[in-house]
Amino acid sequence: MAEIRISAEDRTEFGKGFARRARAVGKIPGVVYGHGESVRHVLLPGHDLMIALRTPNVLLNLEFGDGKSQLALPKDVQKDPVKRTLEHVDLLLVRRGEKVTVDIPITVTGEVVTGAVLDHSLNNLTVTAEATHIPTGIEVDVDRKEEGFQLFVRDLPLPAGSELVTDGDQLVLQVVVTRAEVSEEAAEGEGAAEGEAGEAASEEAAAE
């Protein structure tokens, strides 16, 4: 995963009022912590941060005005519940070469056979990976899969350099038939049985 460089500046003011004023001029308040260092309160450019956060587990290279930089991963992103705009971000310091535990998305492609339904129960996989080589996710192809198909965590192809944390016996997805379709098939079966019974009764009456 490529590093995304983003400018950062230290802040000394706090509180809701300051945060509101900062967001009004396109800056997002945040904190940087980890590795036993003191929590660092920062301001980040809102537009650049929003674009960067579109990538899961994006690795940010925070560049400060003093010429120093720090690598960090987003750990908690707060958004406005209505507008969905960024309000605050918590960033975890990481170092090159160290292992980190992250959740990566499981993306499904393709369409199951007609008449079946995909039940996707696990959307993310927890793995450990080197901080500067975090996988963007895992893709699963379910094209033409039929009823009864199941996929467990242990069946997923892990990205190179990653180690599994999620329980391997956990179900990721399965292909099922909906209750409505099952009921419809049963009804058709009952209708056919009733029709056959009626025909048999008519034949018996005619014979008498």
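The values are calculated or read from the model by the stated rules, or taken from the named source; none is laboratory data. Keep in mind the model is a prediction, meaning the values are calculated, not measured. A quick note on method: Cβ atoms are made from the backbone with ideal geometry, for glycine too, and the neighbour counts reach across all protein chains shown. When the accessible area is computed, the model is the full protein with side chains, heavy atoms only, and any ligands, DNA or RNA have been set aside. Shrake-Rupley method; radii C 1.70, N 1.55, O 1.52, S 1.80 Å.
Restricted to the stretch 135-178, and to residues that are of a type in the set (A, V, I, L, M), under 15 Å from I106 (Cβ atoms) and assigned to a loop (DSSP other than H, G, I, E, B), which residue is modelled with the lowest pLDDT? If you could, list the steps in order and put the result at the bottom.
So the first thing to find is which residues in the stretch 135-178 are of a type in the set (A, V, I, L, M), and the list is 138, 140, 142, 151, 153, 156, 158, 160, 164-165, 171-173, 175-177.
So of that shortlist, the ones also under 15 Å from I106 (Cβ atoms) come out as 138, 140, 142, 151, 153, 156, 158, 164-165, 171-173.
After this cut, where a residue has to be assigned to a loop (DSSP other than H, G, I, E, B) as well, the list is 142, 156, 158, 165.
Numbers: V142: 96, L156: 96, L158: 92, V165: 97.
Filtering the stretch 135-178 for residues that are of a type in the set (A, V, I, L, M), under 15 Å from I106 (Cβ atoms) and assigned to a loop (DSSP other than H, G, I, E, B), the one modelled with the lowest pLDDT comes out as L158.
The rows are residues; the columns are (1) under 27 Å from the mean Cα position of the chain (by Cα); (2) open to solvent by less than 70 Å² (accessible area, probe 1.4 Å); (3) closer than 20 Å to H133 by Cα; (4) not hydrophobic (A, V, I, L, M, F, W, C).
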{"residue": "G17", "(1), (2), (3), (4)": "no, yes, no, yes"}
{"residue": "R20", "(1), (2), (3), (4)": "no, no, no, yes"}
{"residue": "I28", "(1), (2), (3), (4)": "yes, yes, no, no"}
{"residue": "P45", "(1), (2), (3), (4)": "yes, yes, no, yes"}
{"residue": "M50", "(1), (2), (3), (4)": "yes, no, no, no"}
{"residue": "R54", "(1), (2), (3), (4)": "yes, no, yes, yes"}
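Give me the residue from the stretch 128-147 that is within 25 Å of H35 (Cβ to Cβ) and under 13 Å from the mean Cα position of the chain (by Cα) and, out of that set, least open to solvent (accessible area, probe 1.4 Å). Steps first, please.
Filtering the stretch 128-147 down to residues within 25 Å of H35 (Cβ to Cβ) leaves 128-136.
This time we only want the ones that are under 13 Å from the mean Cα position of the chain (by Cα), so: 135-136.
Details: P135: 17, T136: 88 Å².
Out of the qualifying residues, it is P135.
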For the stretch 114-126, does any single residue satisfy the condition of being touching a residue at least 40 places away in the same chain (Cβ under 8 Å), farther than 25 Å from A8 by Cβ, surrounded by 13 or more Cβ atoms within 10 Å (Cβ to Cβ) and over 21 Å from the mean Cα position of the chain (by Cα)?
yes
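Provide a single number: the residues in the stretch 76-91 that are over 19 Å from R54 (Cβ atoms) and either in contact (Cβ under 8 Å) with a residue 60 or more places away in the chain or surrounded by 17 or more Cβ atoms within 10 Å (Cβ to Cβ) (or both).
Within the stretch 76-91, the subset over 19 Å from R54 (Cβ atoms) is 81-82.
Imposing the further condition that a residue be either in contact (Cβ under 8 Å) with a residue 60 or more places away in the chain or surrounded by 17 or more Cβ atoms within 10 Å (Cβ to Cβ) (or both) reduces the set to none.
Residues that pass the stated criteria total 0.
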When T107 is evaluated against the numbered criteria (1) of a type in the set (V, I, T); (2) within 21 Å of T132 (Cα to Cα); (3) without any contact (Cβ under 8 Å) to a residue 40 or more places away in the chain; (4) part of a strand (DSSP E or B), which criterion, by number, is the only one it fails?
(2)
